[in-house]
1. For the stretch 72-129 and the stretch 192-236, write down the distance between their C-alpha centroids in whole Å.
2. Counting Lys and Arg as +1 and Asp and Glu as -1, each charge on the Cβ, what is the dipole of the chain about the Cα centre in debye, to the nearest 20?
3. What is the stretch 10-87 by shape, rounded, prolate or oblate, if you read a ≥ b ≥ c off the alpha carbon gyration tensor as root eigenvalues and call it rounded for a/c under 1.5, prolate for a/b larger than b/c, and oblate otherwise?
4. Share of Cα-Cα pairs in the chain beyond 29 Å, in percent?
5. With a 10 Å radius around each residue's Cβ, average the other Cβ atoms per peptide and rank 128-135, 150-157, highest first.
6. Net charge near Glu127: determine it from the other residues with C-beta under 14 Å of the C-beta of Glu127, scoring Lys and Arg +1 and Asp and Glu -1.
7. Loop only by DSSP, 15 or fewer other Cβ within 10 Å of the Cβ. Give me the trypsin sites (Lys or Arg not before Pro) in the stretch 22-89 that pass, ordered by residue number.
8. By the gyration tensor of its Cα atoms, with a ≥ b ≥ c the square roots of the eigenvalues, what is the shape of the stretch 152-203: rounded for a/c under 1.5, prolate for a/b over b/c, or oblate?
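Laboratory data are not the source of any read-out in this text; all were calculated from the coordinates shown. Note that the structure is predicted; figures quoted are calculated from it, not measured. Positions of Cβ are generated from backbone atoms using ideal geometry, with glycine treated the same way; all protein chains shown enter the neighbour counts.
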Amino acid sequence: MKQWYELLYENYAKSYDQEPYAQGTIGECDFIENEIKHDKSLSIIDVGCGTGRHTIELTTRGYNVIGIDLSESQLKHAKEKAKAKNLQIDFAKHDARNLPFNNQFDLAIMLCEGSFPLMETDEMNYEILKNIAAALKPNGKFIFTTLNGLFPIHNSIEKFYDSSKESGNTTCEKNGFDFMTFRDHNIVTVEDDLGNTKTLEANQRYYIPPEITWLLKTVGFSKVDIYGAKLGAYSRNDALTAHDFEMLIIADKRKLNV
């Protein structure tokens, strides 16, 4: 039986690209470039690449990037977009919980909740982090965003989604945040590329900074920095607050002992 996130992304690619939360690609790639000091010799993996917006933009800028995702529909659209730009990009279907890579990449990115907090158990989310750590070379870098667990402690998730209803296709209603599991259970409604309306029972995991730090250090990262994530304007100058819906995490994999 398919999970809600698998059903969500079926025939939902062109519509996804029009969503307001998918409009920060340029600024986000600017930040990534600065973090890796514009070193185009580095190999990059985009985990949960979706329609390939970051993969394609970074490739256009001269970087060697592969994009992986679980959704065949989104990967198909990503390939079409790359072909239209005459770009040769390896887009492949992989489950982030079970990746075939080992010490292969200098940088991993996983942006806009690219797979991580969507999984149905904490153990599955942990497997994603563990697999990404394994895919990175020693001293590799990992840049990702995830849902900020401080936000629902001080704010209403339902009001947050209500405030963005008019600007996008997707709606998220009947939010019920569970403080024992830090999961928000809700009803997601979206119109797909075929004009069909989907209504799905969803749940997403929110994480607090100490959890993320501990998880990352457990799987092999030595340095973890956490900031507030501003759409299209990631910055190390933005300290994380309880009013940030997402957080930006930058982690460095441990070097090999010499």
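1. So the separation of the two Cα centres works out to 14 Å.
2. 940 debye
3. prolate
4. 26 percent
5. 128-135, 150-157
6. Net charge around Glu127: -1.
7. Within the stretch 22-89, the qualifying trypsin sites (Lys or Arg not before Pro) (loop, at most 15 other Cβ atoms within 10 Å) are Lys37, Lys40, Arg61, Lys85.
8. It comes out oblate by the Cα gyration axes.
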